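Remarks on the structure that follows.
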């Protein structure tokens, strides 16, 4: 690569619709950024929102990994729930 060549070829996006241009300019103004950056971020956010959601199998696998970590954790308190809450064998507060 020649040191006088640009690192990336610049491209243009021509917004012919006045309303679209105004919206992009408003977003850029509100976020104190350039028009290019505002358009790029907005498009990336839209792609992220539209990304495919995980399948039921993927969600199940993710949840099971959480369950497995939970059950693998050491028991820190060996008292029963009633003992922790302060109830005796008759269900009365101690």
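Some observations on this one:
- For the chain, the longest principal axis of the C-alpha atoms and the axis of helix 56-72 are separated by about 40°.
- Nearest 10 degrees, 0 to 90: helix 18-30 Cα axis against the chain principal axis: 60
- Three semi-axes describe the equivalent ellipsoid of the chain; taken as square roots of 5 times the Cα gyration tensor eigenvalues and ordered largest first, they are 58, 21, 16 Å.
- Note on 85, 35: ascending count of other Cβ atoms within 10 Å places them as 85, 35, the fewest first.
- Report note on the peptides 46-55, 71-80, 22-31: ranked by the mean count of other C-beta atoms within 10 Å, highest first, their order is 22-31, 46-55, 71-80.
- Cα long-axis angle, helix 35-50 against the chain (0 to 90 degrees, to the nearest 10): 40
- Extension reserve of the residue 15-residue 34 stretch, reckoned as 0.36 nm per residue once the Cα distance is removed: 5.4 nm
Each value in this text was obtained by applying a stated rule to the coordinates, not by laboratory testing. Nothing here was measured: the structure is a model prediction, and the numbers come from that model. Quick reminder, even Gly has a Cβ in these numbers, built from the backbone with ideal geometry, and neighbours come from all protein chains shown.
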